[in-house]
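> Before I ask anything, here is the structure I am working with.
The values are calculated or read from the model by the stated rules, or taken from the named source; none is laboratory data. Source: prediction; values computed, not measured. Positions of Cβ are generated from backbone atoms using ideal geometry, with glycine treated the same way; all protein chains shown enter the neighbour counts. To get the accessible areas, we keep the full protein, side chains included, count just its heavy atoms, and leave off ligands, DNA and RNA. Shrake-Rupley method; radii C 1.70, N 1.55, O 1.52, S 1.80 Å.
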Amino acid sequence: MGLKRDVSLSTGLRYRGPAGYLTFILHRIGGLGMGIFITLHILASFVGGRFGGAINGIYENWAFQIFIFFCVMFHAINGLRITILDLFPKLLDYQTEAIWIEWAVFIPLYGISVFVILQTALGG
Amino acid sequence: MEVTVKIFRYNPEKDKRGNYVTYKVDADENDRVLDVLEYIKGKMDGALSFRRSCAHGVCGSDAMRINGRNMLACKVLVRDVGTNITVEPILGLPIKKDLIVDMEPFFDNYKKVLPYFINDSALPENGRERLQSPEERARFDETTKCILCAACTTSCPSFWANGEYYGPAAIVNAHRFIFDSRDEAADQRLQILAETDGIARCHTAYNCTVACPREIKVTKAIGEVKMAMMTGKLD
């Protein structure tokens, strides 16, 4: 007898990992977000009509665009970091610094994008 | 100082699920968490179960989650984790009792990567040892330090999701022999690690590197094995 090995999502998320663990989680959220976006997009084109229009309304909404832009941009920049470190394992000595660089690239780029989306959406 | 210790408890003979029991202990800031657990077991609750052996960070028996992160209880001081300490078993392995997990699945994965020296060619003419330069030895020095405590493997989200994944510890021990110039089974090990539950399941969360009590750069070792797999070169 004993308890099974199952690790629930909430238990896993509560693990106090390093900065790399946060990027690992955000990478998955990014992938999931893009999956939702593409599914909605295909569904809207396939179904059409009022239902399709309603779905279009979701992803044309500025709040959704800010979310999806986060997903795409973070997934791309984080993926690039992982690829570089995979190709040059010696750089893994500086994995923490690589994550700082990633945030230093991501935050201004994403900040500008959010600013432009908000200015367009709310500025008229 | 008074330390509040919240410990995961599970008795397979009575409990259907685990629960937490809190103890108040008078401890010194330089005490190790293992000392605190020993005190609780000795003076307050003899039924508390946990593994320990050398108590000096060598045997790797007492890996547990302390304040949400994998550590060896014998290597972490009270002053490093504060006066509110939560102690739980490591994740991803079946729990047998309290903080004791079933290590068999971990060792089964470890054995899959052939973690022993393989060389079937004849001994040197003098019949003595196979020589190795200091540089050749240094190539895998880091990964010889592994004590198989499972802190890395049980901190890995890929392992939590799939217990068949060999896990960081197995790959670290494969690295130790793959890059040993005297060993002749690197190709065999790389083939094993190329299987579905092998190295491809590493998604570089880095939890393993931080969890390792021996400060092995686990993700780097995995990265080097990945590169050897891609290029077929062991330099």
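> Could you tell me which of the residues B:T153, B:T143 is in contact with a Pro (Cβ under 7 Å, 6 or more places away or on another chain) and touching a residue at least 12 places away in the same chain (Cβ under 8 Å)? Talk me through it step by step, then tell me what you get.
On the way: B:T143 fails: in contact with a Pro (Cβ under 7 Å, 6 or more places away or on another chain).
Just one listed residue meets the conditions, B:T153.
> Pick out the one residue from A:L92, A:L122, A:L80, A:L85 that is open to solvent by 70 Å² or more (accessible area, probe 1.4 Å), without any contact (Cβ under 8 Å) to a residue 40 or more places away in the chain, assigned to a helix (DSSP H, G or I) and not aromatic (F, W, Y).
Working: A:L92 fails: open to solvent by 70 Å² or more (accessible area, probe 1.4 Å); A:L122 fails: without any contact (Cβ under 8 Å) to a residue 40 or more places away in the chain; A:L85 fails: open to solvent by 70 Å² or more (accessible area, probe 1.4 Å).
Just one listed residue meets the conditions, A:L80.
> Go through the stretch A:68-101 and give me each residue that's in contact with a Ser or Thr (Cβ under 9 Å, 6 or more places away or on another chain), at pLDDT 95 or above and farther than 18 Å from A:M34 by Cβ.
The answer is A:I99, and nothing else.
> State all residues of the stretch B:16-35 that are part of a loop (DSSP other than H, G, I, E, B), in contact with a Lys or Arg (Cβ under 8 Å, 6 or more places away or on another chain) and either within 13 Å of chain A (Cβ to nearest Cβ) or without any contact (Cβ under 8 Å) to a residue 40 or more places away in the chain (or both); if no residue qualifies, say none.
B:G18
> I've got another one for you. Being part of a helix (DSSP H, G or I), open to solvent by 40 Å² or more (accessible area, probe 1.4 Å) and within 14 Å of another protein chain (Cβ to nearest Cβ) is the filter here, so list the residues in the stretch B:44-87 that pass it. Steps first, answer last, please.
As a first pass, look at the stretch B:44-87 and keep what is part of a helix (DSSP H, G or I): B:44, B:78-81.
Then keep just the ones that are open to solvent by 40 Å² or more (accessible area, probe 1.4 Å); that gives B:44, B:79-80.
Selection gives B:D80 alone.
> So, restricting to helices (runs of 4 or more DSSP H) that lie completely within the stretch B:185-235, which ones have at least 1 residues that are within 14 Å of chain A (Cβ to nearest Cβ) and closer than 20 Å to B:F117 by Cα?
Numbers: elements: B:186-193, B:207-211, B:218-231.
The qualifying helices (runs of 4 or more DSSP H) are B:218-231.
> Of the conditions (1) at pLDDT below 95; (2) hydroxyl-bearing (S, T, Y); (3) within 17 Å of the chain's Cα centre (by Cα), B:T196 clears all except one; give me its number.
The failed condition is (3).
> Of these, B:L148, B:L234, which one is out of contact with any Lys or Arg (no Cβ under 7 Å at 6 or more places or on another chain), at pLDDT 95 or above and open to solvent by 10 Å² or more (accessible area, probe 1.4 Å)?
Working: B:L234 fails: at pLDDT 95 or above.
Within the list B:L148, B:L234, the selection yields B:L148.
> With the stretch A:1-68 as the region, which helices (runs of 4 or more DSSP H) entirely inside it contain at least 2 residues that are within 13 Å of another protein chain (Cβ to nearest Cβ)?
Numbers: elements: A:9-14, A:19-47, A:49-60.
Filter on the stretch A:1-68 gives A:9-14, A:19-47.
> Here's something else I'd like to know. Just to verify a result, which residue in the stretch A:11-41, among those that are more than 14 Å from the chain's Cα centre (by Cα) and in contact (Cβ under 8 Å) with a residue 24 or more places away in the chain, is farthest from B:G92 (Cα to Cα)?
Of everything passing the filter in the stretch A:11-41, A:A19 is farthest from B:G92 (Cα to Cα).
> Kindly indicate whether B:I171 is modelled with pLDDT of 95 or more, in contact with an Asp or Glu (Cβ under 6 Å, 6 or more places away or on another chain) and within 13 Å of chain A (Cβ to nearest Cβ). Break it down stepwise before answering.
Working: modelled with pLDDT of 95 or more: yes; in contact with an Asp or Glu (Cβ under 6 Å, 6 or more places away or on another chain): no; within 13 Å of chain A (Cβ to nearest Cβ): yes.
No: the conditions fail for B:I171.
> Right, something else. Would you confirm whether or not the stretch B:118-131 contains a residue that is in contact with a strand residue (DSSP E or B) (Cβ under 7 Å, 6 or more places away or on another chain) and modelled with pLDDT of 95 or more? Write out each step before concluding.
First, the residues of the stretch B:118-131 that are in contact with a strand residue (DSSP E or B) (Cβ under 7 Å, 6 or more places away or on another chain): none.
Checked the stretch B:118-131: no residue is in contact with a strand residue (DSSP E or B) (Cβ under 7 Å, 6 or more places away or on another chain) and modelled with pLDDT of 95 or more.
> Could you count how many residues in the stretch B:1-11 are farther than 18 Å from B:A73 by Cβ and either within 24 Å of the chain's Cα centre (by Cα) or surrounded by 13 or more Cβ atoms within 10 Å (Cβ to Cβ) (or both)?
1
> Six or more apart or on different chains, Cβ under 6 Å: which pairs go from a residue in the stretch A:47-61 that's farther than 17 Å from A:G35 by Cα to one that's small (G, A, S)? Could you list them?
Short answer, once both residue conditions are applied: A:G52/A:A44.
> Return the residues of the stretch B:32-44 that are closer than 20 Å to B:V81 by Cβ and over 26 Å from the mean Cα position of the chain (by Cα); say none if nothing qualifies.
Our first condition is that a residue be closer than 20 Å to B:V81 by Cβ; within the stretch B:32-44, this holds for B:32-41, B:44.
Across the stretch B:32-44, the qualifying residue is only B:M44.
> Check off (1) acidic (D, E); (2) under 30 Å from B:D180 (Cβ atoms); (3) in a helix (DSSP H, G or I) for B:E38 and give me the number that stays unchecked.
Of (1) acidic (D, E); (2) under 30 Å from B:D180 (Cβ atoms); (3) in a helix (DSSP H, G or I), only one is false for B:E38: (2).
> Please work out which residue is farthest from A:F88 (Cα to Cα), limiting yourself to the stretch B:205-231 and to residues that are open to solvent by 40 Å² or more (accessible area, probe 1.4 Å) and among the β-branched types (V, I, T).
Here the residue is B:V210.
> Here is a follow-up. Any idea which residue in the stretch B:91-112 is surrounded by the fewest Cβ atoms within 10 Å (Cβ to Cβ), counting only those that are among the basic types (K, R) and facing chain A (nearest Cβ under 10 Å)? Step through it out loud before you land on a result.
Step one: list which residues in the stretch B:91-112 are among the basic types (K, R), which gives B:96-97, B:111-112.
If we keep only those that are facing chain A (nearest Cβ under 10 Å) too, we end up with B:96-97.
Details: B:K96: 18, B:K97: 20.
The extreme case among them is B:K96.
> What pairs come up if the first residue lies in the stretch B:82-94 and is at positive phi, the second is open to solvent by 10 Å² or more (accessible area, probe 1.4 Å), and their beta carbons are under 6 Å apart, counting only those six or more places apart or on different chains?
B:G92/A:R5; B:G92/A:V7; B:G92/B:W160
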